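These notes are about the structure you will find just below.
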Amino acid sequence: METLVIQVGVNSRGQPQRDQRRIRGDVLRVGRALECELQLPDPRVARDHALITFSAQGALIAAGGGPLKINGKPATQAVLSVGDRIDIGPYRIDVEAAPAGLPLALAVTLESPLQPPCGERIRSAESRGSRVSRRRLSYIALLGLLLLCLLVPVAPDLLSYARQASPAALAVASAATVNTSVSVPSTPASASAVTAPPHIDTVSLEEATLRGAAGNLLQAWNPGPLSQGHQIFASDCGACHQTPFVQVRDEACKTCHKDTLDHVPISQLTGPAGHAFADTRCAECHRDHKGTHLAVRSQEQCADCHRDVKQVAAQATSANVIDFHSGHPAFRISLTDAATPDLVRRVRQATPMPADMVERSRLKFNHQVHLDPNGVRDPDGKRNPAGMHDAQGQRTVLDCQSCHVPADGGRLMAPVKMEQHCQSCHSLAFEPSVTSRQVVHGEDAQIATMLREFYARLVLGDVPEGVHPPDDLPRVRPGAVLTPEDRSRALAIADRKAKQVLHELFATRQVCSTCHEVSRKGEFSWSVASVKSSSSWMPQAQFSHAAHDSEPCARCHDVARSKDSKDVAMPQIETCRECHVGAQPVAGKVTSDCATCHGYHGAVKSSGSSAAAAHSAVRRQHANHSFRDQP
Amino acid sequence: MPQHQSILEFKRGRYFKLALLLCAASVAAYVWHEPSTSQLKPYGGTWLGYTLGTMAAVLILWLMLLGVRKRSYSSTLGSVQGWTSAHVFLGASLIVIATLHCAFEFGWNIHTLAYALMVLVVGSGMFGVFSYLLYPARITNNLAGETLDGLLLKMSELDRKCRRIALELPDEFNALVMKASADAVRHADSGKSLRPWWLGGRGRNRLGEARDALLAMGSSLSGAQVRVNEQLVSEMTRLVSVTERVRLEFRLQALLKGWLVLHVPMSFALLAALTAHVISVFYLW
């Protein structure tokens, strides 16, 4: 008995090929083993996989050492008929119509060829290249980061720019809109359109999302925390950075800081380098994004101009300065003269002191007497009924604070007031027998009137309670009716008395002239020359008495032997340098750069007669608002 | 010129000296530029900051051009060896220059992102230099005059031989040889993993286990099959040793080149971050 076996495959040119052969035998062993009639040389086939036998019913296949599938279903044996399909391992065997005389024809196809050997598989995997492509990763990294870090953050600006360039784009963008309407003032171009309806731009949902994402990503551009005062602008970069690729302009600062003054009026920047200084932007000194305080530049920047200040301001009168320790001139003291109250003399300290380093205030005052360590006569002594003599052993020791108290937050000293500081000792009583009554300080024009009225009352018998009229005045019996002649005689006596007392006050008893220059102008007219003293000796320095209260006053103000109010007891720079050094730190000393004592904005208001007033006004304003960046 | 001159010793360390000079000059300028009297800390926006930043940016662009130069074989613009030597030393000096440029100021922003990417790129580059010092000798040793293609051909030859021999042996031997072929591929491939051994980077050598199993199963055989199995085990042992060499080759190549997977894409990320950094700084000047 013979079986036709057709080996189905492809030839070397890739075309289908059917090789036929006949196998003789009554039993057909199918398997991997050499002795099989139908050998299937593949490791996936068992040595004796199946057995085909022939009987009256036809060919019969039975499973041997391996599993069988007949027409897709597992089977252990089956009768084969034309069209049946047998699966043995990777082989597919189709039962075909056998030529005449043959009982069986089998077409054998290797369905899934054996994997190529390991080396070839590795090599083909190698030739496919690595799974991780450096090139692809590089593109992803480059484009991804550019998109996230650059393109999205500036997208809203680009969008606005594109719209300005072509208003037609607006219509396209607003095609699919939601009602997140933003009203935008119409541009000049569209304003010219005839009877344009009220213009409302609508923002599409996509654009709103883009703007949100851009806002968030833009925060990643922030190089550092904003200063405290500017933190309200945190998410609004455009508040300061108004134009892309243009440095922050002063206009942006002046939107809020309208009243901040220039260092020097621009008209004064007449030196060859003045122009450059006039162009200095706010932001060149005030650097933001550097922490909670606006950063300020070093005193090097002050020294840039002040090492040769005339280069910048040709008319400048200030001396050149580099550093407090190594290059600061002696102090200039602002002095006022009572004779020319609107004029400030600025006199620089020197050794020996210049002759005009005096204050012509017209006030007489002797610090030495008042600061006598043994004390001054006590006011209670003066109230002694015995008169204006010492009460035995009663003396009061005065110190600086008795008259000088800090004002303006400790920056300056409050003015000394007659009523508050002097009058408890220096009584303005005019009538020894009426100690409770005093003339009003500072009202010299009214004093004569007041005295004449006072004595007139007494001579006319209208004696106030508690007042004992002096003995040299005539007395009127209570209830007596005065004739007009009596009245005019009595008033003449009162006037004479007033004139006498006036003379005593201003001249003989030296009540006024103890401190003031007095002069007689007429019968009842005496005048006290007006007094003018400096309110601030060094208006350009931000000195604080409060910050120096650990030091005795005398360390800076040596008045213990001053007998004249002309003396100017301001410390010299050497005194300050006992504690303060310049910007270069020194152990045990206070490091002090320009800004320790000096302000910048409005440091010079203007030149002219009222310079002193302007100085102190500006200085006070500046001190109150304290715009200093670093406390 | 000796044939195997290290890029580190190119022209007696010409670029090392140049990089050192660059770093020293930068540090000196930094110290001199902002005296202690200043209340404003140094930062990238001073004239020195801009200078250092420009230097660093130009350096980065030039360093990235190495990728172009090494591919232009016809170029005569200096030798690739010189370029690489300069790439290594000037790249390392970037750490100093960029750190002085940012004046030790860091934050959660794109500026520090650019800095961090630069550190990553330079760091991976330094690892690359270390790799090029260490692994080429080991690769030469492992290949021992052969090539990877040669070894792979050998593997295929041995695999075929094993399969052919196994056909004569019982089915379980066949199955084992079939599996061993896949194991050989997997074992060789495991060399490409850069996972360290303590994270399972080494893996099991299943190929070796298959060989041992064949040896053990041989005791059940008799007659002519015993000799056939002996032959199979001997071929399998050769396959094991060749596969091990292929695996080691893969591993050394991965170690030698693996850092580039970080170095190259990160340098492009750096290019993007640097562009964003520069533009953003001047966009919001």
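With r as the distance between the Cβ atoms of residue B:227 and residue A:102 and R0 = 35 Å, compute the FRET efficiency 1/(1 + (r/R0)^6) and round to 0.05. All intermediate terms of the calculation are to be shown ahead of the outcome.
On the way: r = 41 Å, r/R0 = 1.17.
Efficiency for this residue pair is about 0.30.
Pick out, in residue order, every one of the chymotrypsin sites (Phe, Trp or Tyr not before Pro) in the stretch B:36-129 that is DSSP loop and has at most 13 other C-beta atoms within 10 Å; say none if there are none.
Values: sites: B:43, B:47, B:50, B:62, B:73, B:83, B:89, B:104, B:106, B:108, B:115, B:127; in loops: B:43, B:73, B:104, B:106, B:108.
The qualifying sites are B:73, B:104, B:106, B:108.
May I ask you to list the lysines whose Cα is less than 25 Å away from that of residue A:254, ignoring any residue fewer than eight positions away on the same chain?
Qualifying lysines at Cα under 25 Å: A:290, A:605.
Counting helices only, and only those DSSP H runs with n ≥ 4, report the 222 nm mean residue ellipticity of chain A as the sum of -39,500 (n - 2.57) divided by its residues, in deg cm²/dmol to the nearest 500.
Values: 18 runs with 156 residues, N = 631.
Dividing the helical sum by the residues of chain A leaves -7000 deg cm²/dmol.
With the crude spin-label approximation of a point 7 Å out along Cα→Cβ, what separation in nm comes out for residue A:350 versus residue B:130?
7.2
What longest region of chain B stays clear of trypsin sites (Lys or Arg not before Pro) that DSSP places outside H, G, I, E and B and that have at most 14 other Cβ atoms within 10 Å? Walk me through the intermediate numbers first.
Working: sites that count: B:70, B:71, B:204.
Result, exposed sites excluded: B:72-203.
Using 0.36 nm per residue, how much length does the chain from residue A:563 to residue A:262 gain when fully extended, once their Cα-Cα distance is taken away? Walk me through the numbers on the way to the answer.
On the way: separation 301, 0.36 × 301 = 108.36 nm, distance 4.27 nm.
Here the segment from residue A:563 to residue A:262 would lengthen by 104.1 nm.
Suppose every Lys and Arg Cβ carries +1 and every Asp and Glu Cβ carries -1, with no other charges. What dipole size does the stretch A:2-116 come out with about its Cα centre, to the nearest 20 debye?
Working: 13 positive and 12 negative charges, 41 e Å.
With only Lys, Arg, Asp and Glu charged at Cβ, the dipole is about 200 debye.
Could you name the lysines in cross-link range of residue B:257, using Cα to Cα under 24 Å and dropping any fewer than eight places away on the same chain?
Within reach: B:70, B:192.
In terms of modelled amide H atoms, which long-range or inter-chain residues lie less than 5 Å from the amide H of residue A:580?
So residue A:580 has HN proximity to A:590.
What chymotrypsin sites (Phe, Trp or Tyr not before Pro) does the stretch A:229-306 have in DSSP loop regions with at most 15 other beta carbons within 10 Å? Working shown, then result.
On the way: sites: A:233, A:245, A:277; in loops: A:245.
Hits after loop and neighbour filter: A:245.
In straight Cα distance, which lysines are under 17 Å from residue B:11, not counting same-chain residues fewer than 8 positions off?
Reachable lysines: none.
State to the nearest 20 debye the size of the charge dipole of chain B about its Cα centre, where the only charges are +1 on K and R beta carbons and -1 on D and E beta carbons. Don't skip to the answer; put the middle values down first.
Values: 28 positive and 18 negative charges, 83 e Å.
For this selection, approximately 400 debye.
Quickly work out the residue A:481-to-residue A:453 label distance, labels modelled 7 Å from Cα along the C-beta direction, and quote it in nm with one decimal.
2.9
Using +1 on the beta carbon of Lys and Arg, -1 on that of Asp and Glu, and nothing else charged, what's the dipole of the protein assembly as shown about the Cα centre, debye to 20? Walk me through the numbers before you get to the answer.
Numbers: 96 positive and 82 negative charges, 479 e Å.
Here the protein assembly as shown has a charge dipole of around 2300 debye.
Check every DSSP H run in chain B and write down those whose alpha carbon atoms cover 18 angstrom or more along the long axis and whose mean Kyte-Doolittle hydropathy is 0.0 or greater. The partial results should precede the final answer.
On the way: long enough: B:14-33 (28 Å, 1.10); B:47-64 (26 Å, 1.66); B:80-102 (32 Å, 1.27); B:110-143 (46 Å, 1.15); B:148-166 (27 Å, -0.17); B:171-189 (27 Å, -0.21); B:224-283 (86 Å, 0.68).
Within chain B the helices that satisfy the rule are B:14-33, B:47-64, B:80-102, B:110-143, B:224-283.
First measure r as the distance between the Cβ atoms of residue A:372 and residue A:427, then evaluate 1/(1 + (r/R0)^6) with R0 = 25 Å and state the FRET efficiency to the nearest 0.05. Don't skip to the answer; put the middle values down first.
Details: r = 20 Å, r/R0 = 0.79.
Rounded to the nearest 0.05, the efficiency is 0.80.
Averaged over B:189-195, how many beta carbons belonging to a partner chain fall within 10 Å of each residue's beta carbon? Walk me through the numbers on the way to the answer.
Values: counts 4, 0, 0, 4, 0, 0, 0.
Neighbouring Cβ atoms belonging to other protein chains average 1 per residue here.
Taking 0.36 nm per residue of separation and subtracting the Cα-Cα distance, what length does fully extending residue A:279 through residue A:161 add? Could you put the intermediate results ahead of the total?
Working: separation 118, 0.36 × 118 = 42.48 nm, distance 2.95 nm.
Gain on extension, residue A:279 to residue A:161, equals 39.5 nm.
None of the figures in this text is laboratory data; all of them are computed from the coordinates on show. Predicted model only: the values in this text are computed from it and were never measured. Positions of Cβ are generated from backbone atoms using ideal geometry, with glycine treated the same way; all protein chains shown enter the neighbour counts.
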